[in-house]
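Q: First, the structure itself, so that you have it in front of you.
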Amino acid sequence: MKTALLFLSFLLISLSTLAQDPVGKEKKANAAYDNFSYDKAIERYGELGTSSLDLMRKEALSYWRLNNTEEAEPLFKDIVMTEGHTPEDVLNYALVLRSNEKYEESEEWMKKYGNLNETDLRAQLYAREKGSYQRMIRENKDLTIKNLDINSEQQDFSAIFYKDQVVFASSREGVKPIHRRWNWNRLPFLDVYVADKNTDNSLANPARLSGKINKKFHEGPVAFNQAGDFMIFTRNNYDGTSSEGVVRLQLFSSKLMDGKWTKPVPLPFNDNEYSVGHATISKDGKWLYFASNMPGGIGGVDLYRAEMFENGQYGDAVNLGDKINTEGDEIFPFIHAGGEMLFFSSNGRVGLGGQDVFMAQIKPDNVIGKVMNLGAPVNSSADDFSFVMTENQENGYFSSNREGGKGSDDIYSFDLAKPFTFGKIIKGVAKDKKGNLLADTKITLFDLMTGEEEVMMTNDDGAYEYVVEEDKTFNLRGQKSKYFDGTNTADTRTEEEVIVVDLVLEKDPGISLYAVVTDKKTGAPLNRVKMLIIDNMTGVKETVYTEVAGDYLKPLSDKKLDERGSYNFVLEKDGYLGKTVKYNALFDHEGKYNIHSDLDLTLEPIQVGGDLSKIIDINPIYFDLNKAIIRPDAALELDKIVKVMNENPNMVIELGSHTDSRGSDASNESLSDRRAKASAAYIAERITNPERIYGKGYGESKPNTVNATEDGGSVEQILTEEFINAFKSKNKKAFDKYHQMNRRTEFIIIKM
């Protein structure tokens, strides 16, 4: 819809007579161009054969303004390849490429434009948001759109809520005594229409708005107050032209009295030398937003805000600044009823092509906050504009001239399953370990709550940026050829609006060690496992932590093919039994050596109060009859405890010794206590901080609890003297077995 959009961007029809020069075809072509008769201009430039840069430029612009970007592209390409072209030619070529969905090529030419005009906000935005089109083209699954049956073969756009109806602008013919057409697109002039709104958001029964609104040239779009008895609308200036003989757009107000709209009253912002239009009124009726190309703006068409007073007067027009406006055109503002969101269209900000719809955050003090591109399906490579939405954020309308419509511009309805939020920004850079920035790095953002992923590429400065929801945690992964993946985590549960998270990628030297640590019982990967890696050949030690996937990758830049390596891995994690493993390898090929495939890197979950002998493989501790001397076979088992306690330097153990019920209580308690203290002393001599273990004898006071169902007992059978003695005469084997089960050594974990 370059036709309506550029019209609404205030390049308006001239009232002067079309120049007729019988001498030169070039003058006739230029006259058609200057009079906005672009179809005629194209025809005449074609007859001329565009030889000069100026004629090539005007022909290219004529195609572009008629929305024929396919024909405009090769012309602009020839222009930027011709000596004497301007920075604006480069910019236009970049924008046309974007409209033709050649995004990467467009970004390259926008970069060239930035080198020619570094202060241009558009160039800065594109440089900062390189690759963002990858995010924008992914359709918002919470938003569905539909082309309305009410659309005509002409222009239909700018739908706005009016009580239980919808008002919109249209160039449909209707029944008129005189048919006037506008030079630019040969379509009728715009009028304001009203239609009934159905429950499914479709529109029906369109009719020209009654009253003194519609006249012979352009009218629309329209804005209403909350009560629906006051409107501000855009119209051609019928009372005068600019010094160049051009009719400008102006804003007029009208009140609904006795069921009729009163004679329009011009707003104080109107001027013959520039245009104002596209009004929107805040719900409380205190603020007016509009678009204008008045002097003093940032460039092109800017958005302004003015205060509205109860006495019908207006405050000064204040430019919304460079958080919104660019050197391009910002048009069609719509202030949402909640007062926190301003929707508008722009061809100066980074989009998918042509005009895109953006959402700006309006903070309580009227300061502009974040600005976001709505992305697909609202935005496309065509012109998308005039976005409005109900107060509950469930549905609304926007306009577009995208392919598949019924006319030049069409009205689309949309349904929104989840309200818009501004969220927060996660941004950072990808770099190597030396700090060098890595361009064209694939950055994957993973939502830990929903499992959804977003992917984008870093720009030339290695930078990336995501807009995300608040109160969530995200994982980020950076991937680049010949580099190991870099990972990090971003938590938006913070007061910070911008969360900076950098990703460090390490160069792949060809040989690396890869370890995955998991829970022994569940098989789940274990994050944040402390891993002390000791190079047994050099003595070099390194402490690292596993990632979310329970893994760690160690590049071996010092190793070459056919060399050997030997490493100890000391693993520790709260709530788990630590361990040490030794890995020896002959590096006979390049790639990753998976340690977990050759060694057991699972960790056993443990709890205070548990018996260590039931977690690790401990055989019964045997003593000679009535003695407490540590036998060699017992020492082998106690050495296993020594190893575990040295691997877990904070572990405190109570070594408890138990006897069966044969013999006196006093002798059993004394014997078990001597054995417990002897065993604890053996371990204490061999561990760090010997006070971490102590021995205690319980004699026969704490019989064991076992599963005795095979002998008629219960699943948790307490081995009392009465239960065991029942087998003395009838089952000597069971009698001895259960006495043996009571003779035991326990290693109760007191502290970790």
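A short reminder: the numbers here are calculations on the coordinates, not readings from a lab. All figures in this text were calculated on a predicted structure; none of them were measured in a lab. Every residue, glycine among them, receives a Cβ derived from its backbone with ideal geometry; neighbour counts consider all protein chains shown.
Q: Cut-off under 19 Å on the C-alpha distance; same-chain residues fewer than 8 positions from LYS728 excluded. Which lysines are left, in chain and number order?
A: Within the straight-line limit of under 19 Å, LYS728 reaches these lysines: LYS737.
Q: Here's a follow-up. Using θ = phi - 60° and the Karplus curve 6.51 cos²θ - 1.76 cosθ + 1.60, what whole-Hz ³J(HN,Hα) does each residue of the stretch 529-538 get, with Gly and Pro shown as x?
A: Using θ = phi - 60°, the values come out as 7, 6, 10, 8, 9, 10, 7, 5, 8, 10 Hz.
Q: Tally Lys and Arg at +1 and Asp and Glu at -1 over the other residues with C-beta under 10 Å from the C-beta of TRP287: what net charge comes out?
A: My count for the surroundings of TRP287 gives +1.
Q: Oh, and also: Going down the list LYS480/LYS520; LYS141/LYS427; LYS582/LYS696, which pairs span over 27 Å between their C-alpha atoms?
A: Going by Cα-Cα distance, LYS480/LYS520; LYS582/LYS696 fall outside the 27 Å limit.
Q: Nothing charged except the Cβ atoms of Lys and Arg (+1) and of Asp and Glu (-1): what's the magnitude of the dipole of the stretch 612-751 about its Cα centre? Round to the nearest 20 debye.
A: Charge dipole, the stretch 612-751, about its Cα centre: 200 debye, nearest 20.
Q: State whether the stretch 304-424 is rounded, prolate or oblate according to the following rule on the C-alpha gyration tensor (a ≥ b ≥ c being the square roots of its eigenvalues): a/c under 1.5 gives rounded; otherwise a/b larger than b/c gives prolate, and the remaining case gives oblate.
A: Prolate, since a/c reaches 1.5 and a/b exceeds b/c.
Q: Hey, can you grab everything whose amide H is under 5 Å from the amide H of ILE150? Only 5+ residues off in sequence or another chain; H modelled, so Pro and N-termini drop out.
A: Placed amide hydrogens put LEU203 under 5 Å from ILE150.
Q: At 0.36 nm per residue, minus the direct Cα-Cα distance, what do LYS541 and VAL265 gain on full extension? Give it in nm, one decimal, please.
A: Stretched out fully, the LYS541 to VAL265 stretch lengthens by 91.2 nm.
Q: Let me ask something additional. Search the structure for amide H atoms under 5 Å from the amide H of ASN395, placed 1.01 Å from N in the peptide plane, and list their residues when 5 or more places away or on another chain.
A: Amide H neighbours of ASN395: THR390, LEU416.
Q: Using +1 at the C-beta of Lys and Arg and -1 at the C-beta of Asp and Glu, which of ILE615, VAL265, ALA223 has the Cα lying farthest in the positive direction of the dipole of the chain?
A: Of the options given, the answer is ILE615.
Q: HN-Hα J couplings of the stretch 681-696 from phi, Karplus 6.51/-1.76/1.60, θ = phi - 60°, integer Hz, Gly and Pro as x?
A: Once θ is set to phi - 60°, the couplings for the stretch 681-696 become 5, 4, 5, 4, 5, 10, 10, 6, 6, x, 5, 6, 9, 9, x, 8 Hz.
Q: What size of dipole, in debye to the nearest 20, comes out for the stretch 424-505 about its Cα centre when the only charges are +1 on Lys and Arg C-beta atoms and -1 on Asp and Glu C-beta atoms?
A: 560
Q: For the residues LYS102, LYS614, what sequence is obtained by ranking on other C-beta atoms within 10 Å, fewest first?
A: LYS614, LYS102
Q: List the lysines whose Cα sits under 18 Å from the Cα of LYS255, skipping any in the same chain fewer than 8 residues away.
A: Qualifying lysines at Cα under 18 Å: LYS163, LYS212, LYS215, LYS263, LYS283, LYS286.
Q: Going by Cα centres, the stretch 552-622 and the stretch 247-286 are how many Å apart?
A: Measuring centre to centre over Cα atoms gives 76 Å.
Q: Would you mind estimating how fast the chain diffuses translationally, via Stokes-Einstein at 10 °C and 1.306 mPa s with the Kirkwood radius over Cα pairs, in µm²/s?
A: In µm²/s, the coefficient rounds to 49.
Q: Would you mind ranking MET457, MET651 so that the residue whose beta carbon has the fewest other beta carbons within 10 Å leads the list?
A: MET457, MET651
Q: Under 25 °C and 0.890 mPa s, how fast does the stretch 485-634 diffuse according to Stokes-Einstein, given a Kirkwood radius computed over C-alpha pairs? Answer in µm²/s, whole number.
A: After rounding, the answer is 133 µm²/s.
Q: I need the phi-derived Karplus couplings for the stretch 57-71: 6.51 cos²θ - 1.76 cosθ + 1.60, θ = phi - 60°, integer Hz, Gly and Pro marked x.
A: Each residue's phi maps through the Karplus curve to give 5, 5, 5, 4, 5, 5, 4, 5, 6, 9, 6, 9, 6, 4, 6 Hz.
Q: Taking the Kirkwood radius as the inverse of the mean 1/r across Cα pairs, report the Rg/Rh of the stretch 567-663.
A: My calculation of the ratio gives 1.10.
Q: On a 28 Å Cα-Cα criterion, which of the cross-link pairs LYS77/LYS146; LYS431/LYS521; LYS579/LYS751 come out too long?
A: Long pairs (Cα-Cα over 28 Å): LYS77/LYS146; LYS431/LYS521.
Q: Quick one: which residues, 5 or more positions from VAL301 or on another chain, have an amide H under 5 Å from its amide H? H modelled 1.01 Å from N in the peptide plane, none for Pro or chain starts.
A: Those qualifying (amide H under 5 Å, at least 5 residues apart or on another chain) are ASP329, GLU330.
Q: Can you tell me the dipole magnitude for the chain around its Cα centre, using point charges on the Cβ only (Lys, Arg +1; Asp, Glu -1), in Debye to the nearest 20?
A: 1040
Q: Tell me the angle of helix 25-34 to the major Cα principal axis of the chain, expressed in degrees between 0 and 90 and rounded to the nearest ten.
A: Between the helix axis and the principal axis of the chain, the angle is about 60 degrees.
Q: Rounded, prolate or oblate for the stretch 244-369? Axes are the square roots of the Cα gyration tensor eigenvalues, ordered a ≥ b ≥ c, and the cut-off for rounded is a/c under 1.5.
A: oblate
Q: Right, next: Net charge near LYS130, counting Lys/Arg +1 and Asp/Glu -1 over other residues with Cβ under 9 Å of its Cβ?
A: Result for the neighbourhood of LYS130: -2.
Q: Compute the normalised compactness of the stretch 143-416: alpha-carbon radius of gyration over 2.2 N^0.38 Å, N being the residue count.
A: 0.94
Q: Rg (Å, one decimal) plus Dmax (Å, integer) for the alpha carbons of the stretch 424-505?
A: So, for the stretch 424-505, Rg and Dmax equal 12.0, 37 Å respectively.
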